[in-house]
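Participant: Below: one structure in C-alpha cells.
Bear in mind these aren't lab numbers, they're just calculated from the coordinates by the rules spelled out. Computed from a prediction, not measured in an experiment: that's the story for all the values here. With ideal geometry, Cβ positions are generated from the backbone for all residues, glycine too; neighbour counts draw on all protein chains shown.
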Amino acid sequence: ALVSSTAMLTRAREEGYCIAAFNVHTLEMLQAVVEAAEEAEAPLILQSTVGTVKHLGASYMAAMAKVAAASANVPIALHLDHCHDDELIAECIKVGYTSVMIDASMHPFAENVERTRRVVELAARHDVNVEAELGKVGGVEDDLVVADADAVLADPTECEEFVRLTGVSTLAPAIGTAHGMYKGEPRIDFTRIGEIAVRVGVPLVLHGGSGIPLEQVKRAVSLGMAKMNVATELRIGFSDAIKQVFAENPDENDPRTYMKRAKAAVKSIALAKMSMCGCIGKA
Ligand code: 13P
Ligand code: ZN
Ligand code: NA
C-alpha cells in the first residue's frame, strides 16, 4: 500500500540523505521511476502536478500508484505537487494520495499560514503528509509561472514561525533554485539553507531539482534538504527518446516501441538522481 511520506522524509533528514521525488505524467514514466527505485532499493515519492491530475484524473493516478506500491519491495508515497486548490487537495486525499503540497506562497504570510493550517487539519485525519512553500520558487512548472524578478527567497525567521503556526510536516523554502533547466549554474543561497535548518526541524524540500550539479545537491542535502523534486529532466529524457525513435524511423507507429525507449531513458535519469540524493539502499 502507499505510505505517507512523513516517515521516510523524517528519517532522511535525521540521517542526512535526501529522497528523490519524481513528477510523472504517464503510466510508463511511473513504471520507470518505480523500477529505478526497486533496483536502487530506495524509498520513492511519486508526484503529480495539478496539470497531470487534470490530464489523467486523480483516481487513475492514484490507482496506478497503488498497483505499483502493492507489488514493490520499497516504500512508495504519492504526492500532489504545488496545489492551491483546497477542493483538489481534498479530492486527491479521498482517492488515496498520501502527501499533498499546499502552495499558498503567492499569498501574504498570514494568509499562507491560514490556508496551510486548514490543509494540515484535513490531512491529519488521513495520515497524509503536508508540504508548504515559503518565498517563491522561480521558473516554470506546468501552470505555475514565476518570473525571475518575482522569485523571492524564504526568510529563516518566518520559516520558523510558519512551521510553528501551521504544524506542517515538510517545508519547501525558496533558496535560489528554479523550476526548469538553468542558464548556467543555479545560484543557491547555502547560508540561508543552514539558517533555516537550525530553526526548522522538519524535513526541507529542494524544488527545481533538474539541472542542479552534484556538488550543489550534496551540499544542500548536508544542510537539511531531505526531498528533491525532479520534473523537467524526466520530461526532456522521455520526449527526446521518442523524438530519436521517430528520427530513426518516421514511419514508426507502435507505441510499445517508442514508449519502451522513453521508459528506459526516464529510468536511467531517475537512477542518477537517486544516486545524487544518497537514497540508494535506504528502503
Ligand atoms: P524541475 O522541473 O526543475 O525538476 O523542478 C521540479 C519541481 O520542483 C517540482 O515541484
Ligand atoms: Zn516545485
Ligand atoms: Na530546475
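Participant: Mind listing the Cα extents of the chain along all three principal axes, in Å, largest one first?
Facilitator: 57, 42, 35
Participant: While we're here: Using only Cα atoms, find the angle between the long axis of helix 58-71 and the longest principal axis of the chain, and express it within 0 to 90 degrees, rounded to the nearest 10.
Facilitator: In the chain, helix 58-71 runs at an angle near 80 degrees to the longest axis.
Participant: Further question: Can you pick out the pairs among LYS243/LYS273; LYS227/LYS263; LYS136/LYS260 whose Cα atoms lie more than 30 Å from each other?
Facilitator: Violating the 30 Å limit, Cα to Cα: LYS136/LYS260.
Participant: Next question, about the same structure. Report the residue, chosen from THR26, THR257, THR166, that carries the largest GNM mean-square fluctuation when the chain is represented by alpha-carbon nodes joined by springs under 10 Å.
Facilitator: THR257
Participant: Report the gain in length on full extension from LYS94 to LEU122: 0.36 nm times residue separation, minus Cα-Cα distance, nm rounded to one decimal.
Facilitator: Between LYS94 and LEU122, full extension yields an extra 9.0 nm.
Participant: Starting from the Cα of VAL140, step 7 Å toward the Cβ, then list every residue of segment 41-76 with an amide N under 18 Å from that point.
Facilitator: Residues 49-52 qualify, since their backbone N sits under 18 Å from the label point.
Participant: In whole Å, what are the extents of segment 158-274 along the principal axes defined by its C-alpha atoms, from largest to smallest?
Facilitator: 58, 30, 19
Participant: Still on this structure, please answer the following. In whole Å, how far is the Cα centre of segment 1-46 from that of segment 131-190?
Facilitator: Measuring centre to centre over Cα atoms gives 21 Å.
Participant: Same structure again: By how many degrees, 0 to 90 and rounded to 10, does the Cα axis of helix 156-166 deviate from the longest principal axis of the chain?
Facilitator: Tilt relative to the chain: about 90 degrees.
Participant: Here is a further query. Alpha carbon centre of segment 82-125 versus segment 245-261: separation in Å?
Facilitator: 40
Participant: A further question on this structure: Could you check the simple spin-label distance between GLU185 and ALA7, using points 7 Å along Cα→Cβ, in nm with one decimal?
Facilitator: Taking the simple label geometry, GLU185 and ALA7 are separated by 3.9 nm.
Participant: If packing is taken as the average number of other Cβ atoms within 10 Å across a peptide's residues, how do 184-190, 151-157, 7-13 rank, most packed first?
Facilitator: Packing order, densest peptide first, comes out as 7-13, 151-157, 184-190.
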